[in-house]
Amino acid sequence: VRYIVVHDTEGYWDTALDLVRDPAYVSWQYTLRSRDGRIAQHVPLKDVAWHSGNWFVNAKSIGLEHEGFLAAPDSWYTEAMYRSSARLVRYLAKRYGIPLDRRHVLGHDNVPGTTATTIRGMHTDPGPYWDWAHYFTLLGEPFERAGGEGAGGKQ
């Protein structure tokens, strides 16, 4: 495991749990609830989950889906969820020796396309309002942008 991929569900907690139980749909390791930061694990860490849209990244990552909608961050990206997620990421990073930086803790919107033609169709979550600077403060690491314009998220 080399990466942790941060997603938002673009849906509600119950809907996300229903989707991840459907074997015809995608999979991910953890879902985090907005209101209280509750964590549900779905895929064992030893197994590959299909969450990023890129097989290489899937094979080398753990996917965290955060309940919410990127267009309404103030309603969904709660302090309880940020704190719970940061605790989980610190644990996973320590367990797998993953550096706590933006080259290894990715937003789904930072996962590269599988080919040059698929890059435009890749995902936008957790979006520009995910507060990476605050998240990295909770992780206890300095925040440094990785990538081009818009890659760092909210300042």
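The values are calculated or read from the model by the stated rules, or taken from the named source; none is laboratory data. Treat the numbers as computed from the prediction; the structure is a model and nothing was measured. Glycine gets a Cβ as well: all are built from the backbone with ideal geometry, and neighbour counts include every protein chain shown. Surface areas here come from the heavy atoms of the whole protein model, side chains and all, with no ligands, DNA or RNA. Shrake-Rupley method; radii C 1.70, N 1.55, O 1.52, S 1.80 Å.
For the stretch 76-117, the fraction of C-alpha pairs more than 17 angstrom apart is 47%. The magnitude of the dipole of the chain, with charges of +1 and -1 set on the Cβ of Lys/Arg and Asp/Glu and taken from the Cα centre, is near 640 debye.
Which whole-number value in Å² is the accessible area per residue of the stretch 19-83, probe 1.4 Å?
About 50 Å² of surface per residue is accessible.
Determine the share of the chain's accessible area contributed by carbon and sulfur atoms, expressed in whole percent, with a 1.4 angstrom probe. Walk me through the numbers on the way to the answer.
Values: 4140 of 7990 Å².
Answer for the chain is 52 percent, counting heavy atoms of protein chains only.
Ranking 74, 101, 18, 125 by solvent-accessible area of protein heavy atoms (1.4 Å probe, all protein chains present), from largest to smallest, gives 74, 18, 101, 125.
The heavy atoms of residue 2 present about 120 square angstrom of accessible area, all protein chains included, probe 1.4 Å. Given in Å, the Rg to one decimal and the Dmax to the nearest whole number for the Cα atoms of the chain are 14.1, 39. In this structure residue 43 has an accessible area near 20 Å², from a 1.4 Å probe over the protein heavy atoms.
Accessible area ranking (1.4 Å probe, heavy atoms, ligands and nucleic acids excluded), largest first, for 90, 33: 90, 33.
Contact order, relative form, for the stretch 1-109: 38 percent (alpha carbon pairs under 8 Å, 6 or more residues apart, mean separation divided by residue count).
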